[in-house]
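Below is one structure; the comments refer to it alone.
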Amino acid sequence: MSAESTPEPAIPGDDGNNGPRHRAGGRKKDRSPRHKALLITAWVAAGVVVLGGTGAGYVYFKLNGNIKSVDINQALGTDRPVKVDNGSENILVLGSDSRSGTNKKLGGGTDDGSARSDTAMIIHVYKGHKKASVVSIPRDTLVDRPECTDTKGVTHDAASGVMFNEAYSTGGAACTVKTVESVSGLRMDHYLEVDFAGFEKLINELGGVQITTTKDIKDPQSHLNLKAGAHTLNGSQALGLVRTRHGVGDGSDLGRIQLQQAFIKALVNQVKHIGVLTSPTKLYELANTATQAVTTDSDLGSVNSLTSFANGLKGISSTNMNMVTMPVEYDPANPNRVIVEKSKAQMVWTALKNDRPIPAAATKGTATGDARGVVTSS
């Protein structure tokens with residue numbers, strides 16, 4: 001399925017499981033084994049383009065032709081938060097659970113023509129591009145989705161109290177960006193989405209990602225079985241790790257976010273070592289895979305633009321990345337869902353708007369998972 005398919009709006013809260021729902025902080029059966037949460041590595045796709053996309057001729061046009069882009073700005077129009085001109089950038093990094101093509105083989109399930117954004121992260125790159133804050137948005141968050149127009153020109157009515165990931169199934173990337181901007185009050189400067197079939201191949205071409213687990217992780221649904229200790233994850237294992245929710249902790253989506261954030265830091269460390277590769281063939285293979293894996297906003301839809309963008313990210317190390325989850329609390333009316341803790345969330349959005357660090361008080365006492373510290377960088 002393309003990034004801009006626009007299926008009929010999903011039933012709010014419906015995930016294809018007719019059984020009883022469970023607490024958002026507790027165990028939950030996925031509707032099928034799926035490699036969710038896969039667009040968590042913008043640095044990988046962009047970083048290898050810097051190395052592999054500097055040639056000319058065939059290489060340039062091949063890589064340029066790989067990149068898929070969507071015109072978010074035209075779809076959103078002018079009714080958006082004002083761009084704050086302080087040298088910072090906000091990037092919405094999105095992962096969808098489309099079952100089409102190779103993704104169906106990797107993730108299982110049925111290609112029913114729909115997709116949802118089961119992973120969403122706002123990456124705020126601070127002025128000077130040496131530090132970043134990453135805010136994960138839980139997929140089960142109930143939000144008010146504003147009226148939005150997708151990139152095909154179809155307008156979708158506003159909806160109240162719907163799951164955040166329903167925005168993507170309703171109107172694709174444009175409606176998701178519109179919803180994020182409405183919730184946060186922040187203007188998204190860029191949009192990036194990565195296909196997880198390409199993600200798996202990219203991890204393999206990188207030679208794997210080194211992590212350490214402090215507990216055993218065993219999840220038949222994600223086909224992941226790791227003993228406590230040091231590991232070099234191949235592509236399949238990496239996919240299993242970022243989508244597992246039943247193999248460790250409390251089985252919640254909030255816990256899965258904690259695993260994803262830990263994996264991102266390990267992956268950023270791994271990308272830092274790409275520069276030691278000297279083989280032009282290897283660099284081209286990495287760049288070829290990376291550019292095939294990404295869908296971007298139209299401003300980033302070329303090798304030159306993506307390379308310039310990547311150059312602005314490559315100075316950020318994992319130690320200079322602050323990773324948090326958008327402040328949420330369990331919905332009193334439906335413990336299977338979470339709702340935004342508005343006062344604390346506003347502390348996050350105000351800090352990012354002013355290009356300042358997110359205060360620790362913003363996330364203190366909010367709902368969280370039980371997987372923190374289970375995965376660390378080796």
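Every number here is computed from the coordinates shown, using simple stated rules; none is lab data. Predicted model only: the values in this text are computed from it and were never measured. For neighbour counting, all protein chains shown are included, and Cβ atoms are generated from backbone atoms with ideal geometry for every residue, glycine included.
Values for this structure:
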{"read-out": "Estimated inter-spin distance, Asp370 and Asn234, nm [label 7 Å along Cα→Cβ]", "value": "3.3 nm"}
{"read-out": "For the range 320-378: rounded, prolate or oblate by the Cα gyration tensor [a/c cutoff 1.5]", "value": "oblate"}
{"read-out": "Ranked packing of 246-252, 160-166, 81-87, most packed first, by mean Cβ within 10 Å", "value": "246-252, 160-166, 81-87"}
{"read-out": "Members of Lys127/Lys152; Lys178/Lys364; Lys201/Lys364; Lys152/Lys342; Lys130/Lys218 lying beyond 31 Å, as alpha-carbon distances in this model show", "value": "Lys127/Lys152; Lys201/Lys364; Lys152/Lys342; Lys130/Lys218"}
{"read-out": "Taking the range 150-227 and dividing mean pair separation by its residue count, relative contact order in percent (alpha carbons under 8 Å, at least six apart)", "value": "15 percent"}
{"read-out": "Spin-label pair Asn322/Glu147, simplified geometry with 7 Å Cα→Cβ offset, distance in nm", "value": "3.7 nm"}
{"read-out": "Prolate/oblate/rounded label for the range 170-286 (Cα gyration tensor, a/c 1.5)", "value": "oblate"}
{"read-out": "Residues of the range 163-177 with amide N under 16 Å of a point placed 7 Å along Cα→Cβ from Asn334", "value": "163-170"}
{"read-out": "For peptides 188-194, 218-224, sequence by mean Cβ density within 10 Å, most packed first", "value": "188-194, 218-224"}
{"read-out": "Gain upon complete extension [Ser343, Asn311; 0.36 nm per residue less C-alpha separation]", "value": "8.0 nm"}
{"read-out": "Alpha carbon convex hull of the range 281-334, volume per residue in cubic angstrom", "value": "177 Å³"}
{"read-out": "Cα-based shape type of the range 221-378, given that a ≥ b ≥ c are square roots of the gyration tensor eigenvalues and the cut on a/c is 1.5", "value": "oblate"}
{"read-out": "Inter-probe distance in nm under a simple model that places probes 7 Å from Cα toward Cβ, at Lys127 and Glu285", "value": "4.4 nm"}
